[in-house]
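Student: Below you'll find the structure I mean.
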Amino acid sequence: MSTQVYRPQESVYDLLPKEEVKSEKPPRYVSKFRPAVVQEEKLPKRPMRTMGPAKVETPSPENFLKKHSKDPKLSDKSQSAKEGRINPQRKPPVPTRTEIPPMGIQTKRDFTKTCTFVTSKPKPISVDTYKGHKEVLENSGLVPKYIKKTDFGKVPTYLQKHNTEKKKAQEEYDNYVKEQREKQAMKQLSEEERRDILEGLKKNWDRIHHEYQGLSLVIDTWCKRAHKERLEADMKRLEKEMETFERFKVIYIADN
């Protein structure tokens, strides 16, 4: 390991006297709001912030705390009213034995209406358990309540309206069929033909339903989706046609 120490080279300029350069510090920062803060601190805004004011007048021993001195006091009006209710001198005196009551006083009050009391009859109840459970007799179902109504046993209004509309639609259909028959444009199907057509519709529906049940569970392509929608539309159409053939016994078709 080298023991040499690096030493800078000496220069004659180092022997010349040098002037000391004093570094001047910048002036201290003083806020322009300092006078306002000093003035604000002098204001007595917080004299009782911690332990209260420094100098407090000591209370006199004569003004000691008395009993009920801090209880809420009533106003003069309520106090006088309370005293008037309690004070027996405010009440009218009891008439003496020899005092004659005043006579000839008339009043318009009808005592027969105001003094009579009509007792209300209790509602009839029914007890249905041995523990005493009771129920109003009217709501228990033991009283004939609904058969006494004026509209009991009659056809409701909405059913009458429905039957009227149904009858009107049937009449319009019959008139239309009659007109078409007069024009020789329609013929009536026999009962056997109607049953054969109905059986054929049911077979077609079973075939399409069997094909629909064989579809894959995951419909992941456009072709599968279109095929499923087509089968559903065919089944709905066949269901509507079967309902028509089962509902109407007399069916007319176009005579082409």
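Student: Using alpha carbon centroids, what distance separates segment 182-255 and segment 110-167, in Å?
Tutor: Taking the Cα centre of segment 110-167 as reference, the centre of segment 182-255 is 52 Å away.
Student: Cross-link candidates for K67: which lysines have Cα within less than 27 Å, leaving aside residues fewer than 8 places away along the same chain?
Tutor: Within reach: K77, K82.
Student: What pairs from K203/K236; K166/K249; K154/K240 go past 24 Å between their alpha carbons?
Tutor: Details: K203/K236 14 Å; K166/K249 16 Å; K154/K240 33 Å.
Check vs 24 Å cut-off fails for K154/K240.
Student: Can I ask one more? Exposed loop sites here are chymotrypsin sites (Phe, Trp or Tyr not before Pro) in DSSP loop states with at most 14 other C-beta atoms within 10 Å. What is the longest stretch of the chain lacking them?
Tutor: Values: sites that count: Y6, Y29, F33, F64, F117, Y130, Y146, F152, F248.
Looking at the chain, 153-247 is the longest stretch - no exposed chymotrypsin sites (Phe, Trp or Tyr not before Pro) with at most 14 other Cβ atoms within 10 Å.
Student: With a 1.4 Å probe and every protein chain left in place, work out the accessible area per residue of the chain in Å², rounded to a whole number. It would help to have the intermediate numbers written out before the result.
Tutor: Working: 26600 Å² over 256 residues.
Accessible area per residue, the chain: 104 Å².
Student: Give me D for the chain in µm² s⁻¹, whole number, from Stokes-Einstein with Rh from the Kirkwood sum over alpha-carbon pairs, 25 °C and 0.890 mPa s.
Tutor: Working: Rh = 38.4 Å.
The calculation lands on 64 µm²/s.
Student: By how many degrees, 0 to 90 and rounded to 10, does the Cα axis of helix 76-86 deviate from the longest principal axis of the chain?
Tutor: It is inclined by approximately 60 degrees.
Student: Let me ask something else about it. Hey, if you put +1 on the Cβ of every Lys and Arg and -1 on every Asp and Glu Cβ in the chain, which of I208, V136, H68 ends up farthest toward the positive end of that dipole?
Tutor: It is H68, whose Cα lies furthest towards the positive end.
The values are calculated or read from the model by the stated rules, or taken from the named source; none is laboratory data. In this text the structure is predicted, and so the values were computed from the model without any measurement. Heads up, the Cβs are rebuilt from the backbone with ideal geometry, glycines too, and the neighbour counts pull from every protein chain shown. With ligands, DNA and RNA removed, areas are computed over all heavy atoms of the protein, side chains included. Shrake-Rupley method; radii C 1.70, N 1.55, O 1.52, S 1.80 Å.
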